[in-house]
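The values are calculated or read from the model by the stated rules, or taken from the named source; none is laboratory data. Remember, predicted model here, so these are calculated numbers, not experimental data. Glycine also receives a Cβ, built like all others from the backbone with ideal geometry; neighbour counts cover every protein chain displayed.
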Amino acid sequence: MPDSETFDAFYARTVWNVTNQMHALAGDDGAADHAIREAYARAYQQWYEIAGYPDTEGWVLAIAKEAYQRRRPEAAMPVRDRQVERAGHDPLSMPGMFRPAMTPAESSGTGDTTLAPPAAARADGGQANGWFTPASEPPGPADGANAGNPAQGISGVFGGPAGGSGHGMATAQLAGNQPALSGQPAEPTTPWRPGRQTRVTVGGRRRRSVVLIALVAVVVLAAAGVAYLISGQHPSGRTASHGATHGKPAVRMLGAGKTGTRSAIPWSLVGSGWTLAEVSSAQAGTGLNGTGGNVTTYVVDPEGGRYQVQTSTGSAPVLLAWSGNAQTALFAQQTSSPGTSLTYDLLSLTTGDLSPLPLPPGVTAVGFTRPDGLNILAVSQTATAFQLDRFNLQGAFQATIGSLPVKPGVTPDWQDCGTECGALSSPDGLYAVWGVHGDQMQFLSNAGGPVIRRLDVPDSGSPPSCAPLTWWNSGTVLASCGVTGQPAGVSRLWLVPDDGTTPTALTSASGSPSGSGFIIGAWQGPNGVFVNQTNARQCPGSPSGPGGLALATISGGSLQPVSVGGTTNNHTSVVSVSGGRLLLLAQSGCPSSSSLLWLDPSTGATQTVLSAPASQVGVVAAVPYGNGPTAISGG
């Protein structure tokens, strides 16, 4: 590919060949055209990343083939069922994406309509006034504010002429380096860089028409992606719902107590309150890695419906993270190989396929980058330094983001550091924050380079020590820090703004030499803050020690214990908070059987979501969709 080639020039040069190859593969299947649009939309959104690939055309073709294989099961459905799906929701689209049904007026036109999308809503929910046609090709943008953005200046796509009022947000957002709608190209690493003008110039009337119509499809797909990102869950801020709207057939969750396959997952509803859970049928009391049973991964909806994704035999791997596009889960597995204590696998939630993530020896995977999870954030440790790195989902190194020194006698092993170390990708994917015991946290660009700022927390020990636990909100980190004047190991939770302004203490100092009394996590509940605190409660016959976990709420600066009905109250982990309820991973029976359940803290009522017989290990781990760490059972 030419070094200075713009996206428009690349698109014009390659679309004919990509389209011909896809139709040679798929024949007249219309899913191929949807796949082509998706592939080019993803290329456009991450152009400054993939423009440097050795074979960018091959990358687009591979993404189109993958998208086609994902979409083609629709072709096997009876015609009546396909019509019902299209009238409501495309089950093969990404979370938050919705493809409206074509009206008879829209579908009765002449010519090739497979590359042209139906009349669609703008990113802000309004109706588009018209479509850009070859006869109205506009000039490129004249100023750097939107240079390089094919959406800017395309008359009618957002309901008005280029630069028209009322549509600046959608257009400006498209100008940014937004993440892909699905799949595994690189996550955005820097804000969009101005300075490049774009214009499509294609010879040949038929070719020009196809290119320009398809370019509009790319822009509309990108706009839908922006709506998804802006709302945090769904276009136009729509929250997960199972009711019908505008006369369209409802897209429904399975509901409480029902179990389905992964093909029944209503992807357009995945959002707050959804959970990924791992369940083991091994004998209870044999620990998290107990053998002799099956290990099943479920996607769980807020109403308690379960969707079985994959089942395997053997010991349970460790569920680490769920990607922001909801498509992939990250697992770790203990190994006896010399020099390697963990190996990693990626589970596709759409296909059930498990594939290895071949990270180099000595590299510890932390989780997915954000917002979509198209890369892996990881840490490598040497005798003198920690290094924060980014890898793609094939295990290829991409960039070093930051470095922290190893302080002898102070710094722990990253693979077993608990709350004393941590690294997080920011919600928008542009930044990262990380820290380790013995140092203050650093705020960095996801693209690497100098440290943007240190996030200093007052009275955080000597030496100052802080590590991030999770994002409290889009601009504030929940961190665990040391306490000045207290014994080593005593900690306190702080809310630390990422802009460097003054942090706020969330809890008092906690912890003891015995390992009990540590507050290891906090969640903003419907009527206050809930926390998890370590204790020594265990099932009879279990090894003694601080292996228990209690649920409490902060009231007037002190902790008030919360008893959860139907559990032993020995080990209760908060998974997430949604809709005024707490989702808990709690020990439901002895010896050490755990369940997933909802708790209404205002009434004390509980609803079991996922459980197993008391003779089995049950739920091993659960991770919420969106923001939050993985909860692990007491084993």
Residue that is surrounded by the fewest Cβ atoms within 10 Å (Cβ to Cβ), among those in the stretch 494-518 that are of a type in the set (A, V, I, L, M) and within 19 Å of S426 (Cα to Cα): L495
For the stretch 384-395, enumerate the residues that are of a type outside the set (F, W, Y) and under 20 Å from the mean Cα position of the chain (by Cα). L388, D389, R390, N392, L393, Q394, G395
Taking the stated definitions as given, is L455 assigned by TED's automatic domain parsing to the domain that holds Q387, surrounded by 19 or more Cβ atoms within 10 Å (Cβ to Cβ) and at pLDDT 90 or above? yes
Considering only the stretch 597-611, how many residues are touching a Phe, Trp or Tyr at 6+ places or on another chain (Cβ under 9 Å) and either among the hydrophobic types (A, V, I, L, M, F, W, C) or farther than 19 Å from S281 by Cβ (or both)? 6
How many residues does the stretch 373-383 hold that are touching a helix residue (DSSP H, G or I) at 6+ places or on another chain (Cβ under 9 Å) and at pLDDT below 95? 2
Just one of (1) more than 20 Å from V270 (Cβ to Cβ); (2) modelled with pLDDT of 95 or more trips up P624, so point out which. (1)
Residues of the stretch 404-423 classified as buried (at least 16 other Cβ atoms within 10 Å of the Cβ) and of a type in the set (S, T, N, Q), total: 2
With criteria (1) over 20 Å from the mean Cα position of the chain (by Cα); (2) outside any strand (DSSP E or B); (3) at pLDDT 90 or above, P427 comes up short on (1)
Those residues of the stretch 469-491 which are crowded, with 23+ Cβ neighbours inside 10 Å, free of Cβ contacts under 8 Å to residues at least 60 places away in the same chain and not hydrophobic (A, V, I, L, M, F, W, C), in sequence order: G482
If I ask for residues that are part of a strand (DSSP E or B) and over 26 Å from the mean Cα position of the chain (by Cα), which ones from the stretch 484-501 would you list? S491, R492
So T501, is it within 21 Å of G367 (Cα to Cα) and among the β-branched types (V, I, T): no
Pick from the stretch 445-483 the residues that are over 18 Å from G517 (Cα atoms) and β-branched (V, I, T): which of them is nearest to the chain's Cα centre (by Cα)? T470
Out of all the residues in the stretch 440-459, which are assigned to a loop (DSSP other than H, G, I, E, B) and out of contact with any Ser or Thr (no Cβ under 7 Å at 6 or more places or on another chain)? Q440, G449, P450, V451, D456, V457, P458
Of all residues being over 28 Å from the mean Cα position of the chain (by Cα) and modelled with pLDDT of 90 or more in the stretch 602-614, which is surrounded by the fewest Cβ atoms within 10 Å (Cβ to Cβ)? Just the residue, please. T603
